[in-house]
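The values are calculated or read from the model by the stated rules, or taken from the named source; none is laboratory data. None of the values given here were measured: they were computed from a predicted structure. Positions of Cβ are generated from backbone atoms using ideal geometry, with glycine treated the same way; all protein chains shown enter the neighbour counts.
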Ligand SMILES: *Cc1c(COP(=O)(O)O)cnc(C)c1O
Ligand code: SF4
């Protein structure tokens, strides 16, 4: 894999990892196969791991274990059926007004929980100019499409030159297209985010960009990663975060509260908290939905509206994303008024304005 020389090195095999960390039996018994993502940990991220703690939340995200080799019932290599929603080689059109483009399958770091593992790290490489032209032409023909998610893989593994060429092609067909830059690089390799990179977006600013980050634990919000995101925000690119709910990493109200508060303090809006997808070999990461709902309810009590992400699940068989929330609406009473429970569990009555108005009319006649 070729990448910017500012990478500063990474660990890419179990053997070299074993010289740096005292690996557990479960870690040593991992084997790479067609359904796993490769082992790749940038030195920057590795330095954030507490080597004395086998349960370190960052270690769990990047050091593979034998549990990845155990498929679970209901799992699929492509649970979102992205293949069947693909309209060109790399363009997924599942929602009417927005599309996802698989820029590249490469990442500076591979997450053990990656939901797109059917594609990620398979060394397909970046999209060719022809593939980009074909996707851009499709979007040019479908004016109902308002947003494109540039995803993968991680688009920031592309060189600045290649990235600019891609963006220019999409801009040529659709200068008005809102672009989401979906990247974990601020967490995995913040050195990649340079002033030159930001200039690529500044030069092609005919419509808004949004930076979509993936911070899963407060330990990932380092001075360097926060400064990397700040470069985007200062350039007029708002930052939004998508956290994956992961067992043993962040399935804890205190951890999620700290993460969301610190994201807001770093000018990053918590956008989604994702329930784990049913991807092959990730059962050990999935938090039971009931537990997820309990965490969501607790977060709603603790966090400001600004700091509160939407807990969501991407439904199997390409069903799409739906929000998950504790239900505050309890029903209606005999007079038709709505009954709610407050976040603290007290009951409140909300008489419907229309019902109340009708009631008044019938009283005066
Ligand atoms: C998640 C996703 C989107 C974006 O969904 P939002 O709810 O708007 O964030 C678009 N296309 C695909 C294929 C997706 O998986
Ligand atoms: S950065 Fe994203 S695409 Fe890459 S391995 Fe992690 S979750 Fe998968």
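Given the options 276, 305, name the one that is without any contact (Cβ under 8 Å) to a residue 12 or more places away in the chain and in the same structural domain as residue 100 (by TED's automatic domain parsing). Outline the logic, then answer.
Details: 276 fails: without any contact (Cβ under 8 Å) to a residue 12 or more places away in the chain.
Result: 305 is the single residue among 276, 305 that is without any contact (Cβ under 8 Å) to a residue 12 or more places away in the chain and in the same structural domain as residue 100 (by TED's automatic domain parsing).
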Selection count, the range 121-148, where residues are under 17 Å from the mean Cα position of the chain (by Cα) and surrounded by fewer than 20 Cβ atoms within 10 Å (Cβ to Cβ)
1
Meets criteria (assigned to a helix (DSSP H, G or I) and either away from ligand 1 (no atom under 16 Å from the Cβ) or out of contact with any helix residue (DSSP H, G or I) (no Cβ under 9 Å at 6 or more places or on another chain) (or both)) for residue 139
no
Scanning the range 242-254 residue by residue, the ones that are closer than 13 Å to residue 303 by Cβ and touching a residue at least 12 places away in the same chain (Cβ under 8 Å) total 2
Taking the options 171, 180, 165, 118, name whichever one is away from ligand 2 (no atom under 13 Å from the Cβ), surrounded by fewer than 21 Cβ atoms within 10 Å (Cβ to Cβ) and within 27 Å of residue 286 (Cβ to Cβ).
180
Residue satisfying all of: in the range 173-188; in contact with a helix residue (DSSP H, G or I) (Cβ under 6 Å, 6 or more places away or on another chain) and either touching a residue at least 60 places away in the same chain (Cβ under 8 Å) or more than 13 Å from residue 150 (Cα to Cα) (or both); nearest to ligand 1 (Cβ to nearest atom) among these:
174
Evaluate the following for residue 9: is it surrounded by fewer than 12 Cβ atoms within 10 Å (Cβ to Cβ) and touching a helix residue (DSSP H, G or I) at 6+ places or on another chain (Cβ under 9 Å)?
yes
Of the residues 83, 116, only one is in a loop (DSSP other than H, G, I, E, B), within 16 Å of ligand 1 (Cβ to nearest atom) and at pLDDT below 95; which?
83
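May I ask you to verify whether residue 313 is touching a residue at least 12 places away in the same chain (Cβ under 8 Å), under 18 Å from the mean Cα position of the chain (by Cα) and more than 27 Å from residue 64 (Cα to Cα)? Spell out how you get there, then give the answer.
Working: touching a residue at least 12 places away in the same chain (Cβ under 8 Å): yes; under 18 Å from the mean Cα position of the chain (by Cα): yes; more than 27 Å from residue 64 (Cα to Cα): no.
No; evaluated as a whole, the condition is false for this residue.
Check the range 97-112 and report whether any residue there is assigned to a strand (DSSP E or B), in contact with a strand residue (DSSP E or B) (Cβ under 7 Å, 6 or more places away or on another chain) and more than 15 Å from ligand 1 (Cβ to nearest atom). Show your work before the answer.
Kept after step one, since they are assigned to a strand (DSSP E or B), are these residues of the range 97-112: 98-104.
Those left that are additionally in contact with a strand residue (DSSP E or B) (Cβ under 7 Å, 6 or more places away or on another chain): 98-104.
Retained after the next criterion (residues that are more than 15 Å from ligand 1 (Cβ to nearest atom)): 104.
Yes, because at least one residue in the range 97-112 is assigned to a strand (DSSP E or B), in contact with a strand residue (DSSP E or B) (Cβ under 7 Å, 6 or more places away or on another chain) and more than 15 Å from ligand 1 (Cβ to nearest atom).
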